[in-house]
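Q: Here it is, the structure in full.
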Amino acid sequence: MRRVSGFLIGVGHVGRAFMELLDQKGTLLRDRYAFDLALVGAADRGGVALDPRGLSLSQLLSIKGARGTVAAHPQGRPGASGLEAMDQVAADLLLEASPTNLDDGQPGLSHIRAALERGWHVVSANKGPLVVAYSELAALARSKGVQLLHSGAVAGALPTVNIGQRDLAGCRIQRIEGLLNATTNYILTRMEQGISLEEALGEAQRIGIAEANPRLDLEGWDAANKLLLLSHSVLHHPVSLRDIQVQGILEIGANDLRQARARGETIKLLAVAEAHGDGYKLSVRPRRLPLDHPLARLGGQEMGILYETDSMGTLVASIRERGPMGTAAAMLRDVIAIFGG
Ligand SMILES: NC(=O)c1ccc[n+]([C@@H]2O[C@H](COP(=O)([O-])OP(=O)(O)OC[C@H]3O[C@@H](n4cnc5c(N)ncnc54)[C@H](OP(=O)(O)O)[C@@H]3O)[C@@H](O)[C@H]2O)c1
């Protein structure tokens, strides 16, 4: 039985869901994959908790719930940063679930760099550092012989990256179409049902699917970030956000949706990569889709992806997921991909 030591940074919705899942799945990891994942460190804004023997997940969850910070743990260090604490414990794996920052990728970028430099594998739900520095981080991971996985950062549990990297191995991917942002899909679906964009956004925020800053969803940037990560990790086509044509849904009105319906179409915010010469043209914008298009029928909180390939035809996957558990489960899937082989 292999013992894997993990360090979790970010104990919010996703980090807590990950700990709950790990608590439930310990036996499955041991029986099916022959490893045990112990959290030797956890960090939030209040400080860190460290225990080289492995922190009790239920104790940590209840302390976080009651006292607001993992630093209130008996082995806690109030005020210490996750980055400092990475020097004070030996680990094999960084689990990064701190907030996404698309300006400079911080604080996650420093956490991921530090982990890779120490030869730790990294599983990140946080898009920010990858959007800002994908090529640098991927090269650093390669040079250290460790893995940098981020499947939960590209539409949660929908296996966008895994299908493209693993299941379509050997194909030339000619086109990707993605409904990669649940909030805008929810809003467009509800607007088709007759409510305003503002009301629909309020609903999306109440059920917890909107980003903290809804501009990222509404203006198309969240979908563009995910398309950028697919372009790097699946299409081997390194790009920056400047290379993606981005238009959100703010210009879409009830009238546009009614007119589309009258023509047997619907409007979706689609992220598209289309083969162009040796590379790809990338865009995120509202597009009219015929109602029999496989992504057109996805409403509410669903997301989906379509891959068109040269030798495996067209493959479509979709998901309906609520809350952060799907993303936490995608992080666990990445952990198993690294240590469960
Ligand atoms: N929520 C989802 O369904 C979802 C889906 C896909 C991807 N993601 C990504 O997953 C990440 C986490 O999302 P979330 O919803 O869990 O966010 P969240 O609820 O806001 O939690 C963020 C966590 O990071 C901690 N944190 C903030 N700054 C920190 C720092 N400098 N050092 C250490 N910890 C710090 C916060 O500490 P405090 O607890 O002390 O505030 C909190 O525990 C984000 O990057 C998000 O974009 C989320």
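The values are calculated or read from the model by the stated rules, or taken from the named source; none is laboratory data. Just so you know, these numbers come straight off a predicted model, no measurement behind them. Here Cβ is always computed from backbone atoms with ideal geometry, including for glycine, and neighbour counts include all displayed protein chains.
Q: If a residue has to be in a loop (DSSP other than H, G, I, E, B), away from the ligand (no atom under 13 Å from the Cβ) and within 24 Å of Asp87 (Cβ to Cβ) to count, how many in region 1-39 make the cut? Steps first, answer last, please.
A: Taking region 1-39 and keeping what is in a loop (DSSP other than H, G, I, E, B), we get 1, 10-12, 34.
Restricting the remaining residues to those that are away from the ligand (no atom under 13 Å from the Cβ) gives 1, 34.
Now narrow it down to the ones that are within 24 Å of Asp87 (Cβ to Cβ): none.
Selection size over region 1-39: 0.
Rundown of residues vs (1) assigned by TED's automatic domain parsing to the domain that holds Ile305; (2) free of Cβ contacts under 8 Å to residues at least 40 places away in the same chain; (3) within 16 Å of the chain's Cα centre (by Cα), yes/no style:
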residue	(1), (2), (3)
Gly152	no, no, yes
Met191	yes, no, no
Gly202	yes, yes, no
Arg206	yes, yes, no
Glu219	yes, yes, no
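Q: So, one more: Could you identify the single residue in Ala66, Ala133 that is surrounded by fewer than 17 Cβ atoms within 10 Å (Cβ to Cβ), in a helix (DSSP H, G or I) and touching a helix residue (DSSP H, G or I) at 6+ places or on another chain (Cβ under 9 Å)?
A: Result of the check over Ala66, Ala133: Ala66.
Q: Now a separate question. Contact list please: Cβ distance under 7 Å, first residue in region 294-317 and under 17 Å from Leu188 (Cβ atoms), second residue surrounded by fewer than 17 Cβ atoms within 10 Å (Cβ to Cβ) and polar (S, T, N, Q), pairs at least six apart or on different chains.
A: Between residues of region 294-317 that are under 17 Å from Leu188 (Cβ atoms) and residues that are surrounded by fewer than 17 Cβ atoms within 10 Å (Cβ to Cβ) and polar (S, T, N, Q), the close pairs are Leu298/Ser318; Glu302/Ser318; Met303/Ser318; Gly304/Ser318.
Q: Follow-up question, since we're still on this one. Pick from Leu332, Leu298: which is surrounded by 18 or more Cβ atoms within 10 Å (Cβ to Cβ), within 20 Å of the chain's Cα centre (by Cα), among the aliphatic types (A, V, I, L, M) and assigned to a loop (DSSP other than H, G, I, E, B)?
A: Exactly one of Leu332, Leu298 is surrounded by 18 or more Cβ atoms within 10 Å (Cβ to Cβ), within 20 Å of the chain's Cα centre (by Cα), among the aliphatic types (A, V, I, L, M) and assigned to a loop (DSSP other than H, G, I, E, B), namely Leu298.
Q: Can you tell me which of Arg45, Arg16 is within 16 Å of Ala125 (Cα to Cα) and of a type outside the set (A, V, I, L, M)?
A: Only one candidate qualifies: Arg16.
Q: Take Val122 and tell me if it is touching a strand residue (DSSP E or B) at 6+ places or on another chain (Cβ under 8 Å) and either within 30 Å of Glu84 (Cβ to Cβ) or not assigned by TED's automatic domain parsing to the domain that holds Gly82 (or both). Walk me through how you get there before you give the answer.
A: Numbers: touching a strand residue (DSSP E or B) at 6+ places or on another chain (Cβ under 8 Å): yes; either within 30 Å of Glu84 (Cβ to Cβ) or not assigned by TED's automatic domain parsing to the domain that holds Gly82 (or both): yes.
Taking the combined requirement at face value, the residue satisfies it.
This table checks each residue for (1) within 12 Å of the ligand (Cβ to nearest atom); (2) under 14 Å from His232 (Cβ atoms).
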| site | (1), (2) |
| --- | --- |
| Asp103 | no, no |
| Gly108 | yes, no |
| His111 | yes, no |
| Glu117 | no, no |
| Trp120 | no, no |
| Pro129 | yes, yes |
| Ala133 | no, yes |
| Leu137 | no, yes |
| Ala141 | no, yes |
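Q: Okay, moving on. Of these, Met303, Met331, which one is of a type outside the set (Asp, Glu), touching a strand residue (DSSP E or B) at 6+ places or on another chain (Cβ under 7 Å) and more than 22 Å from Leu235 (Cβ to Cβ)?
A: One residue alone meets the criteria, Met331.
Q: Just to verify a result, which residue in region 69-92, among those that are small (Gly, Ala, Ser) and surrounded by 15 or more Cβ atoms within 10 Å (Cβ to Cβ), is nearest to the ligand (Cβ to nearest atom)?
A: Gly82
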